[in-house]
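Asks: Mind having a look at this structure? Questions to follow.
Each value in this text was obtained by applying a stated rule to the coordinates, not by laboratory testing. Worth saying up front: this structure is predicted, and the values here are computed from it rather than measured. For neighbour counting, all protein chains shown are included, and Cβ atoms are generated from backbone atoms with ideal geometry for every residue, glycine included.
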Amino acid sequence: MILFVALALSLCPQIDEEQSKPEIDISLGCKKCGFMGAEDCNGHGKLFDAEHQVTYCWEAAQCKDCSGALLVDCNGCESGPLFLRRQQQLSKMERFIKSTTEPGILLERKLPRILTEHFDLCVTAKKMKNGSKNMDTHQLMHSMATECEAAASLFDTHFEAQPFNYSNRARLWYWTSEKDHQEVCVEILGSNGGSDLKFYGVNPAVSSFSNGYGLSNDALEVVRNAVHVSIHLMLSSVHQVSWIGNKKAGWFDVGAAHWYEDKLFARVATYCIDEANSGLHYENGQWRVAMKKYLRKNKTYILPTLTQLTSGVLEEEQHALAWSFYDYVVANHPAALKPMLLGYKNDVESRVLFKKHLEMNIMQVEDAWRAWVAETYPAKDIKPRKKV
Ligand SMILES: [Zn+2]
Ligand SMILES: [Zn+2]
Ligand SMILES: [Zn+2]
Ligand SMILES: [Zn+2]
């Protein structure tokens, strides 16, 4: 009899648990995991926060403990808010691991890859110098991801864009092998590359060397280049796919690319004329003081000519003028940026766009720009960054 009662008692709770299962709160977890259902993976060292900021990292996905989910299982329970999060992350990582990239298929090897909201990155250099230290590929790509996303987030504000307003992520590829670069240019981007090749289409991309043409495997140079080029690619793919650099809007295309580069690094060093990255260093890439002087000295109207040129024909000082004029528009007419970009994409002339969105004719716009530069540009330039 006693035996029977004991058995009944030991059976009853189990039956109860079975029956009441649908009512168990999924957000329970257990004591062991602090009622969260999973714990942070500690296999990512100093890059743990950086991993959280990207959508996918090929290196993190190889973690034995978390497979890139950044959360490890709690052995004590199968519930809790992070338990669910971990499951979702695991299936997302699995999808990304299985997905391929065009260069990966072409070159028949697994390439380093980081995906962020706006970018799909690949850098093949094993290491690069950063200030007095070295960075490995993994650190460098996270640094590129962070800086490019910082520029993209400013860009999104300026152009009232969300990630879904872009035709696709911009693909940024930096190779150390000339052969890889050439193959990618010809087979994927459809043209002989030279030092670097930008592709403005539904799936925008750049293929470039990380070890030549002024970049010299230096993290700061390469990341700054990536930020500058990102802006060209985003300008072409946001809201409507069209490149304005081959229309009479070179000042907008080039001015913008320099603007975000300067905003993040306090120095401009990227010129998108072939083979030009090595030679050009207009006023050492620090342009406020230089432009203030230039505009004071040169009284002839600049915009009537500047607003007729394509990106490829701009002289080095016109790069700086374009940057400064874009700087003026950002500071004084930020709401005009998006409609102006869309206007240029649809072949509307500057004259018409200025009248409509700046409410001035070209001469009046130039007077306002010159007055603003004279008043606001400092007597001394800001110190440029020395590393990423
Ligand atoms: Zn638990
Ligand atoms: Zn990573
Ligand atoms: Zn891990
Ligand atoms: Zn450029």
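Asks: Mind checking which of Ser230, Ser210, Ser153 has the largest fluctuation in a GNM of the chain, springs on alpha carbons under 10 Å?
Replies: Comparing Ser230, Ser210, Ser153 in the GNM, the peak value goes to Ser153.
Asks: Let me know the shape class of the range 242-381, please: from the alpha-carbon gyration tensor, a ≥ b ≥ c as square roots of the eigenvalues, rounded when a/c is under 1.5, otherwise prolate if a/b is greater than b/c, or oblate.
Replies: It is oblate, given that a/c is not under 1.5 and a/b is not larger than b/c.
Asks: Using the beta-carbon distance between Val241 and Trp372 and R0 = 35 Å, what value does 1/(1 + (r/R0)^6) give for FRET efficiency, to the nearest 0.05?
Replies: Taking R0 as 35 Å, the efficiency between Val241 and Trp372 is 0.60.
Asks: In terms of the Cα gyration tensor, with a ≥ b ≥ c the square roots of its eigenvalues, is the range 100-241 rounded because a/c is under 1.5, prolate because a/b exceeds b/c, or oblate?
Replies: oblate
Asks: Sticking with this structure for a sec: Which of Val365, Val186, Val241 ends up with the largest GNM mean-square fluctuation for the chain, with Cα atoms connected below 10 Å?
Replies: Its mean-square fluctuation being the largest, the pick is Val186.
Asks: Using DSSP to call loops (not H, G, I, E or B), can you name the trypsin sites (Lys or Arg not before Pro) in the range 284-344 whose Cβ has at most 16 other Cβ atoms within 10 angstrom?
Replies: Working: sites: Arg288, Lys292, Lys293, Arg296, Lys297, Lys299; in loops: Lys299.
The qualifying sites are Lys299.
Asks: Ok, one more. Apply the membrane-span-like helix rule to the chain: whole DSSP H runs, Cα extent along the own long axis of at least 18 Å, mean Kyte-Doolittle hydropathy at least 0.5. List the helices found. Intermediate values should be presented prior to the final figure.
Replies: Details: long enough: 2-20 (28 Å, 0.87); 81-98 (26 Å, -0.79); 137-158 (31 Å, -0.15); 219-237 (26 Å, 0.94); 250-265 (22 Å, -0.27); 316-332 (25 Å, -0.27); 362-376 (21 Å, -0.05).
The answer, listed by residue number, is 2-20, 219-237.
Asks: Return the FRET efficiency for the residue pair Lys129, Lys64: r is the Cβ-Cβ distance, R0 is 22 Å, and the value is rounded to the nearest 0.05.
Replies: With a Förster radius of 22 Å, E is 0.10.
Asks: Using 7 Å Cα-to-Cβ label points, what is the Val313/Gln88 separation (nm, one decimal)?
Replies: Taking the simple label geometry, Val313 and Gln88 are separated by 5.2 nm.
Asks: Express in whole angstrom the spacing between the alpha-carbon centres of the range 60-91 and the range 95-140.
Replies: 24
Asks: Quick check: pseudo-label points 7 Å beyond the Cα along Cα→Cβ at Lys31 and Thr146, how many nm apart are they?
Replies: For the pair Lys31/Thr146, the computed spacing is 4.0 nm.
Asks: Next up: Given only helices, namely DSSP H runs of n ≥ 4 each adding -39500 (n - 2.57), what is the per-residue ellipticity at 222 nm of the chain, to the nearest 500 deg cm²/dmol?
Replies: When only DSSP H runs of four or more count, the value is -14000 deg cm²/dmol.
Asks: Between Lys247, Lys345, Lys31, where does the largest GNM mean-square fluctuation fall for the chain, given springs only between Cα atoms within less than 10 Å?
Replies: Of Lys247, Lys345, Lys31, the Gaussian network model singles out Lys31 as fluctuating most.
Asks: Between Asn42 and Asn284, what FRET efficiency comes out of the Förster formula 1/(1 + (r/R0)^6) with R0 = 51 Å and r the beta carbon distance, rounded to 0.05? Could you put the intermediate results ahead of the total?
Replies: Details: r = 44 Å, r/R0 = 0.87.
Efficiency, rounded to the nearest 0.05: 0.70.
Asks: Rg/Rh for the chain: what does it come to with C-alpha atoms and Rh from Kirkwood?
Replies: 1.13
Asks: Please rank His319, His52, fewest neighbouring Cβ atoms within 10 Å first, as an exposure proxy.
Replies: Placing the least packed residue first, the sequence is His52, His319.
Asks: Using the count of nearby Cβ atoms within 10 Å as a rough guide to exposure, how do Asp196, Asp218, Asp40 rank from fewest to most? Walk me through the intermediate numbers first.
Replies: Working: Asp196 23, Asp218 20, Asp40 14.
Lowest count first: Asp40, Asp218, Asp196.
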